[in-house]
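Peer 1: Here you go, one structure.
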Amino acid sequence: MKKDKQINWTSELQEEEIILIEKFGEMDNFPKHIAIIMDGNGRWATSRSLPRAMGHKQGVEAIRDIVKAASKIGVKYLTLYAFSVENWKRPSVEVNVLMNLLEQYLRQEVDELHHNKVKLGAIGELSSLPRVAQKLLADAHEKTKDNDGLQLNLALSYSSRWDILNAVKSIANDAKDGKLIPSEIDESTFSNYLSTKATPDPDLLIRTSGEMRLSNFLLWEMAYSEIFITDKYWPDFNSKDLYEAILNYLTRERRFGKTSAQVQDENSPNANLSFLQRVVNAIKS
Ligand code: FPP
């Protein structure tokens, strides 16, 4: 039966994952929300003399691995930048490839995601997506909405300025209708008008392929996110790279505008850095 074929991800934990869970899973400063700009599919393919579509196809494999890995080690929220508003400007053949891959991913993966308690959501101007994709997304959301594992958010036809402008328009309308008092609008009010309102701000942003840009992704939400950039192209990014990014994040001192001394007074001592380094080395070897 199909159900029997579904893998229980926690039954295939690797040694380094067990270490991560035991040592870091419960740490206060473990990143709850990781956002990823998955970049470099095209270059991955071109460097192998393959059509760009193959890079995107391989990119979906990386999504499968990373969702599984994040879920296994207890990341609560994972937001993947899968298609930006600006990506609609790409040649229609490439847009079609990406939309077909999205539909295929949803058709093939939702049962296994559900089996592993993943809750699937999407942010962006979803009405611009093909109807089939919209329906698959709505069905996936409905099926998984009560799951209490990883919340996977796919950013699709998403851009942060689009989201911010929508929020501004809604706030203006609500103020006009007397539902909001302009002088009382604060950061939390504003956040609640964004499509990301159901998720905390990302703790960690990972971007692949060495580019150092935010590319219109979660601009408001990432005011204080830590950034990890790797030269690897997205199709080559694997669970070990994810763990390395998380371990690197754990070595950061997040000051939120305060001084280092203030932060050290407030926080319990950070995890032992040499231990962290040993885990990174073990994972990389
Ligand atoms: C960037 O590579 C990648 C994207 C356009 C988004 C990520 C898409 C996938 C991983 C595959 C599709 C999956 C879904 C769920 C839609 P690029 O084409 O910009 O690479 P380049 O900068 O090397 O050209």
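The values are calculated or read from the model by the stated rules, or taken from the named source; none is laboratory data. In this text, all values refer to a predicted model and were calculated from it rather than measured experimentally. Quick reminder, even Gly has a Cβ in these numbers, built from the backbone with ideal geometry, and neighbours come from all protein chains shown. Ligands, DNA and RNA are excluded from the accessible area calculation, which covers all protein heavy atoms including side chains. Shrake-Rupley method; radii C 1.70, N 1.55, O 1.52, S 1.80 Å.
Peer 1: How large is ³J(HN,Hα), in whole Hz, for each residue of region 57-68 in order, when computed from phi with the Karplus curve 6.51 cos²θ - 1.76 cosθ + 1.60 and θ = phi - 60°, using x for Gly and Pro?
Peer 2: 4, 5, x, 5, 4, 5, 4, 4, 5, 6, 4, 5
Peer 1: Ranked highest first by the average count of other Cβ atoms within 10 Å around their residues, in what order do 193-204, 122-133 fall?
Peer 2: Peptide ranking by packing, descending: 193-204, 122-133.
Peer 1: Additional query: Can you send over the carbon and sulfur percentage of the accessible area for the chain, probe radius 1.4 Å, protein chains only?
Peer 2: 50 percent
Peer 1: Sticking with this one: Tell me, what is the percent relative contact order of the chain, built from C-alpha pairs under 8 Å that lie six or more residues apart?
Peer 2: Relative contact order of the chain: 24 percent.
Peer 1: Could you work out how far apart the two model spin labels at residue 141 and residue 7 are, taking each label as a point 7 Å from the Cα in the direction of the beta carbon, and quote it in nm?
Peer 2: That separation, rounded to one decimal, is 2.9 nm.
Peer 1: Amide H neighbours of residue 40 under 5 Å, at least 5 residues apart or on other chains, H built in the peptide plane: list them.
Peer 2: For residue 40, the qualifying residues are 234.
Peer 1: Now for a separate question. May I ask you to give the solvent-accessible area per residue for region 152-258, in square angstrom, as obtained with a 1.4 angstrom probe?
Peer 2: Per residue, region 152-258 has an accessible area of 49 Å².
Peer 1: Of the listed peptides 167-176, 97-106, what is their order by residue-averaged count of other C-beta atoms within 10 Å, with the highest listed first?
Peer 2: Highest to lowest by the protection proxy: 97-106, 167-176.
Peer 1: Additional query: So how much slack lies between residue 175 and residue 251, counting 0.36 nm per residue of separation and subtracting their Cα-Cα distance, in nm?
Peer 2: 23.0 nm
Peer 1: In whole percent, what relative contact order does region 13-154 give with Cα contacts below 8 Å and a gap of six or more residues?
Peer 2: 27 percent.
Peer 1: If I take all pairs of Cα atoms in region 73-221, what percentage of them are more than 28 Å from each other?
Peer 2: Percentage above 28 Å: 25.
Peer 1: Same structure again: Could you sort out which of 32/176; 145/197; 232/258; 119/232; 57/240; 5/68 sit more than 25 Å apart by Cα distance in this structure?
Peer 2: From 32/176; 145/197; 232/258; 119/232; 57/240; 5/68, over 25 Å: 32/176; 232/258; 119/232.
Peer 1: Also, I was wondering about something else. Report the calculated FRET efficiency for residue 189 and residue 111 (r = Cβ-Cβ distance, R0 = 30 Å), to the nearest 0.05.
Peer 2: After rounding, the FRET efficiency stands at 0.20.
Peer 1: Rounded to whole Hz and in sequence order, give me ³J(HN,Hα) for region 222-229 from the Karplus expression 6.51 cos²θ - 1.76 cosθ + 1.60, θ = phi - 60°, writing x for Gly and Pro.
Peer 2: Couplings: 9, 3, 10, 6, 7, 10, 10, 10 Hz.
Peer 1: Kirkwood-based Rg over Rh for the chain (C-alpha set), two decimals?
Peer 2: 0.97
Peer 1: Determine the gain in length on full extension of the stretch residue 90-residue 127; use 0.36 nm per residue of separation and subtract their C-alpha separation, reporting nm with one decimal.
Peer 2: This chain segment gains 11.5 nm when fully extended.
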